[in-house]
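Below: one structure, written as C-alpha cells.
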Amino acid sequence: MTRTLPLVAAALLGLALLAPSVPVWAYPKPSVYPVSWELKFRHGDPRRIVVTLPGTTTPRAYWYVTYSVTNTGANPDADSRNKDIDFLPSFELVSMEGQVLTAGLEATEDGGRRPIQSVVFDAIKAREGNKYLEPHSKAIGRLLVGEDQTRDSVAIWSEPSPDMGRFSIFISGLAGEAELFKRVGNDFLKVDTAQEIKDAKPGDLSMMRKTLQLTYELSGRAGPGNEKADPVREEWIMRQDAAIGARPARGGAAGTVTAPPATRPATQP
C-alpha cells in the first residue's frame, strides 16, 4: 500500500486556499505519462457575468469557464486508441470557504438545487461571440475522433460570494486513469493488490480519477471592472468524485447520452 492522502474535512481545503503557503495536505498525483485515454482540453479563465432572470428585477451574478474538447484518438491504451469516447465530465468550483458548487446548478430558496436557466448561457454566448458554443447538455455524449469533431461549451456556476479570493475548479472525465484507494485511519492508501481489500469495510474503498485542478485568484471584490480571475496554478491530480466520468464508447449510445452535434469545419473562420 502506498501512503498518499490524509482524509480531511472540506474546511481544510478552505484554509489551504486562504493560506496556500502553509502545506495542509496534497492530492495524490497521477502517472507522469498517460496510461489510458486522454482528451485534448483547452479552456479560458473564469469570468463573471450578471444576468437578470425572467420574472425578476434583481440581477444575479454567475461565473463561467469556456472550453473546447477534442478526441484526438492518440491514446496509449490500445483498447481506446482511435475510438470514440463518451464525454461525461464533472465541473466543480470550490470556494475559499470550502463551499462546493456543481456547474449547471444553483441553489433555491428552499435549500434545493435547480438547473441554471438557459438565458445565462445565451448571455455568455452573446458576449463570447463563438457561434460553435453550445450548452453543456448538448456537449456531453459520444465524442468522435478528429479535430473537426471538437466541441465548444461552457461550465457555469452561480457566484458563491463577491469576495471570491482564491478558489479551485476541478474537472474530471477528461482522462481514463483511475486508481482504487482504501481508507486506513486518517489516510487514503493506494491499493496495489487484491489482498489489501479483503478486510475493507463498506465505505472504506474509494475510486479516484485523474482530474484537472485549476486554481485562480480574484483580487478585491467582484464587480464592474473586476470580473476576471487570474490563474495561479494548473495541475493534474487524483481525486474522488461522484461523476460517471468519460469512458470508451462501446456500441450504441450509452444510457441517455445526448446525440453528437453537427460536425464543424476543420478550419474555423
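The values are calculated or read from the model by the stated rules, or taken from the named source; none is laboratory data. The structure displayed is predicted, hence computed values, not measured ones. Cβ atoms come from the backbone with ideal geometry, glycine included; neighbour counts cover every protein chain shown.
Some values worked out for this structure:
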{"read-out": "Extreme residue, modelled with the highest pLDDT, among residues of segment 84-111 that are over 28 Å from Thr150 (Cβ atoms), assigned to a loop (DSSP other than H, G, I, E, B) and of a type in the set (Gly, Ala, Ser)", "value": "Ser95"}
{"read-out": "Every residue from segment 189-244 that is loosely packed, with under 13 Cβ neighbours inside 10 Å, without any contact (Cβ under 8 Å) to a residue 60 or more places away in the chain and in a loop (DSSP other than H, G, I, E, B)", "value": "Thr193, Lys198, Asp199, Lys201, Pro202, Gly203, Ser219, Gly220, Arg221, Pro224, Gly225"}
{"read-out": "Yes/no for Asp79 being outside any strand (DSSP E or B) and under 20 Å from Met164 (Cα atoms)", "value": "no"}
{"read-out": "Residue that is surrounded by the fewest Cβ atoms within 10 Å (Cβ to Cβ) [pool: residues in segment 43-68 that are in contact with a Pro (Cβ under 8 Å, 6 or more places away or on another chain) and either within 29 Å of Arg233 (Cβ to Cβ) or touching a residue at least 60 places away in the same chain (Cβ under 8 Å) (or both)]", "value": "Asp45"}
{"read-out": "Any hit, segment 125-136, residues being out of contact with any strand residue (DSSP E or B) (no Cβ under 7 Å at 6 or more places or on another chain), modelled with pLDDT under 90, among the aliphatic types (A, V, I, L, M) and surrounded by fewer than 20 Cβ atoms within 10 Å (Cβ to Cβ)", "value": "no"}
{"read-out": "Every residue from segment 164-207 that is closer than 21 Å to Gly98 by Cβ, under 14 Å from the mean Cα position of the chain (by Cα) and not small (Gly, Ala, Ser)", "value": "Phe167, Ile169, Phe170, Ile171"}
{"read-out": "Only listed residue being in contact (Cβ under 8 Å) with a residue 24 or more places away in the chain, out of contact with any Pro (no Cβ under 6 Å at 6 or more places or on another chain) and not aliphatic (A, V, I, L, M), chosen from Ser118, Ser95, Ser161, Ser80", "value": "Ser161"}
{"read-out": "Residue ID - surrounded by the fewest Cβ atoms within 10 Å (Cβ to Cβ), chosen from residues in segment 137-167 that are closer than 23 Å to Ala229 by Cβ and of a type in the set (Ser, Thr, Tyr)", "value": "Ser161"}
{"read-out": "Residue list for segment 36-68, restricted to those being aliphatic (A, V, I, L, M) and either in a loop (DSSP other than H, G, I, E, B) or under 18 Å from Leu212 (Cβ atoms) (or both)", "value": "Leu39, Leu53, Val65"}
{"read-out": "Residue list for segment 97-114, filter: under 20 Å from the mean Cα position of the chain (by Cα) and over 25 Å from Gln213 (Cβ atoms)", "value": "Arg114"}
